[in-house]
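In what follows, a single structure is set out as structure tokens and then discussed.
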Amino acid sequence: MPVRRLAGFGLLLVSVSLQASIEAWPEYLRTDPAGEAVAADRSAAEPGARSVALRAARNGYVSFQVVARPGRRGPYSLSFEWSGKAALEATVFREWFHRGARQAGDYPDALVPVKLPYHSEFPEPDNKIADQKVQPFWVDVWVPKPAAPGVYRGVVTLRSGGGKEELPVAITVLAATVPDEDVIRMDHNSYGSSWLASGYPGLVKRTAGDFFDSVAFYRLIHAYHRIFYEHRGIFHQLGYGHAGKVGPEFAPEVEGTGRARHVASWTRFDRHYGPLLDGSAFAGTRRGPSPIPFMYLPINPEWPASFVNWGEPGYEAEFVNVVSEMERHFREKGWTHTSYEMFFNHKKRYKGFPWDGDEVRFKKDDTFFREYRRLLDKAMPAGSPVRILYRADVSWDTERQAREMAGVINMWVCGAEPLAWLPETARLLKSRNEVVWIYGGTPTVYKPSEEISMMALRPWMLGVGGFVHWLATSPGRDPWFQFSGGATGLVYPGERFGIEEPIPGIRLKLQRNVLQDLALAQELSARWSLETVQAGIVERYNHSRPADWWMNRPPMADRPVLELNNADFGPETMKIARRMAADVAAGSWRPAHDYILQLASEVAQ
């Protein structure tokens, strides 16, 4: 039996090509079609194990990969069975190899859910990789909250023309329980809903031209909310364009002008948002039904009042009338568990409006923000249980705006780098009990697998409440055979596989597992202190200290904001993020995960 070496990380036995074999790979180590660790993960390469032995807290997931080598072309099957009556639930996904970037090779990411036992042909016909040697599968094991602590055993079985091979699985369930609430709000942003049609052309065709007002359309929107919810995240859909045009499913229908402006119909809006705001859209999920925690409102300079009348009494009357009706509608429906966001996403250079609503640079634009605060306050009755937040996404002038816009803005989504040299600003916003998140991009599949962990860990270390993936639903026009890396997509349209809803990617799974670890770590900090727990985590994660996650104030921070440009936010201000990312490799989170579980075990003793 020949052997191969993975980048100097030990010897891995490989069966002769005609003999079937099956290996267990950790969640963070991805394989290519030949059965080698992908280039981005080779620093963590380790032997494929002949068994699975993992620990898990209750009310959470534990994940691993199964790398199947059928050995011969032709039919093969994969099954997973628990020994006896197990309280755990396993979900298995076939990993898709994305083609496109020749220099990077074929990387797996999209996860296609399969029914067990899984029967197929090897090589997988739809992935079209002629020289495919292995087929990896992702296994999610859900540990319900009532599961009794102890060891649960099962076996994964591969059958093919090359023989039958078995992989023993042992999951040790701890007494610890992952909290239901997350310490970090992981937000997945998107724009409008026209992209749904391009991702599901077959579904559009089947709705006979009525897609955007069909049952299937609203079911699909709710499916996107569910997939992120099940992965401990939020789904945000901004329902209007840069010039203020609102999609009909995002706002109630209004009619009349001036003082006669009013809501004419709530039908589409309630069809869209009702199941999300009362939580029924999440019935049947493992996390259970719960209202969405945050939601964009359709309010913008052009809705509910036309900006052509800005500064006139008619604009104020139209705005106040309709927003007041929204508040009353939400209150009467009992939709009071969601934070509603009034957010302006335009910039002057888009030529829709003469002021910046997003990432403001010009101090004079504060005038518009203050006036909209006055209008919002006039529309909201005193003591309303409906919570409307005034959100601003800031970067250029974060320090000044945080100081001068007190009482105006109460939800801040900040560029991570400016906030990293403004610890006093972060503390100021939190002292006012305001929502503070940071935002950024998504690591591509060609980065080390666990670079995605930074999206959850960084806001926790900065003491803020969330992270926004500015776009998370757009994996590309053809992510299957012309893939560009998935920098704007953590989920994929499932239609190719006969699934009329999104399917997850590996990066989304890894992010979820970090989020549940951090929720548990936050709870454990009540015993050891937050500083102690954080220090223990980051030392094991990338050999850093909590202070390393902040940076010294750069000289550019004291220059007039109008003298700055995008180039100034380059190497000088990206030092922390780049250094931290350079110290993160596949497998970086595993020592931190083990540390958290060890603390949890000590609490239970």
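In whole angstrom, how far apart do the alpha carbon centroids of region 218-283 and region 484-528 sit? Rounded to whole Å, the Cα centres lie 23 Å apart.
Treating r as the C-beta distance of A208 and E371 and R0 as 41 Å, the FRET efficiency rounds to 0.35. Projecting the Cα atoms of Q598, T267, T425 onto the charge dipole of the chain (Cβ charges, centred on the Cα centre) puts Q598 farthest toward the positive pole. Are any of the pairs K133/K164; K133/K509; K333/K378; K351/K430 more than 27 Å apart by Cα-Cα distance, and if so, which? Table pairs above 27 Å Cα-Cα are K351/K430.
Mean separation of Cα pairs under 8 Å and 6 or more residues apart, divided by the residue count, gives region 3-175 a relative contact order of 32 percent. Annotation: extensible slack from N433 through A582 equals 50.2 nm (criterion: 0.36 nm per residue apart, minus Cα-Cα distance). What the Cβ-Cβ distance of T285 and S601 gives, at R0 = 22 Å and to the nearest 0.05, is a FRET efficiency of 0.20. Taking a point 7 Å from the Cα of R387 along the Cα-to-Cβ direction, the residues of region 450-493 with backbone N closer than 14 Å to it are 465-466. Rounded if a/c is under 1.5, else prolate if a/b is larger than b/c, else oblate: which is the chain, with a ≥ b ≥ c the root eigenvalues of its Cα gyration tensor? Cα axes put the chain in the prolate bin. If the segment from A39 to R331 were pulled out straight at 0.36 nm per residue, it would be longer than the present Cα-Cα gap by 99.8 nm.
Let me make sure I get this right: for region 466-593, a, b and c are the square roots of the gyration tensor eigenvalues over alpha carbons, sorted descending. Under 1.5 in a/c it's rounded, otherwise prolate if a/b > b/c, else oblate. Which is it?
Oblate, because a/c is 1.5 or more while a/b does not exceed b/c.
Given axes a ≥ b ≥ c from the Cα gyration tensor, I'd like to know whether region 143-247 is rounded (a/c under 1.5), prolate (a/b larger than b/c) or oblate. Cα axes put region 143-247 in the oblate bin.
Averaging Cα coordinates gives a centre for region 353-400 and one for region 119-188; these two points are 46 Å apart. Which value, in debye to the nearest 20, describes the size of the charge dipole of region 3-175 about its Cα centre when Lys and Arg Cβ atoms bear +1, Asp and Glu Cβ atoms bear -1, and nothing else is charged? Roughly 260 debye for region 3-175.
Under the definition of Cα pairs under 8 Å and six or more residues apart, what whole-number percent is the relative contact order of region 359-511?
16 percent
Could you check the simple spin-label distance between A526 and L18, using points 7 Å along Cα→Cβ, in nm with one decimal? If labels sit at A526 and L18, their model points lie 6.2 nm apart. With neighbour counts taken as other beta-carbon atoms within 10 Å, the residues T367, T157 rank, fewest first, as T367, T157. Counting only DSSP beta bridges with both residues in the chain, tell me the antiparallel percent, nearest 5. Looking only at bridges with both residues in the chain, the antiparallel portion is about 65 percent. Per-residue 3J(HN,Hα) values for region 72-77, derived from phi via the Karplus relation 6.51 cos²θ - 1.76 cosθ + 1.60 with θ = phi - 60°, read 10, 5, x, x, 8, 9 Hz in sequence order (x marks Gly and Pro). Taking the centroid of alpha carbons for each part, region 292-346 and region 454-472 are 27 Å apart. With R₀ fixed at 30 Å, the C-beta to C-beta distance from T267 to F307 puts the FRET efficiency at about 0.70. Per-residue ellipticity at 222 nm from helix content only, as computed over the chain with -39500 (n - 2.57) for each DSSP H run of at least four residues, stands at -8500 deg cm²/dmol.
Can you sort F137, F307 by how many other beta carbons sit within 10 Å, fewest first?
Ascending Cβ contact count within 10 Å gives the list F307, F137.
Where a number appears in this text, it was derived from the coordinates with a stated rule and is not lab data. Since the model is a prediction, treat every value here as computed from it, not as a measurement. Reconstructed Cβ throughout: ideal geometry from the backbone, glycine too, with neighbour counts over all protein chains shown.
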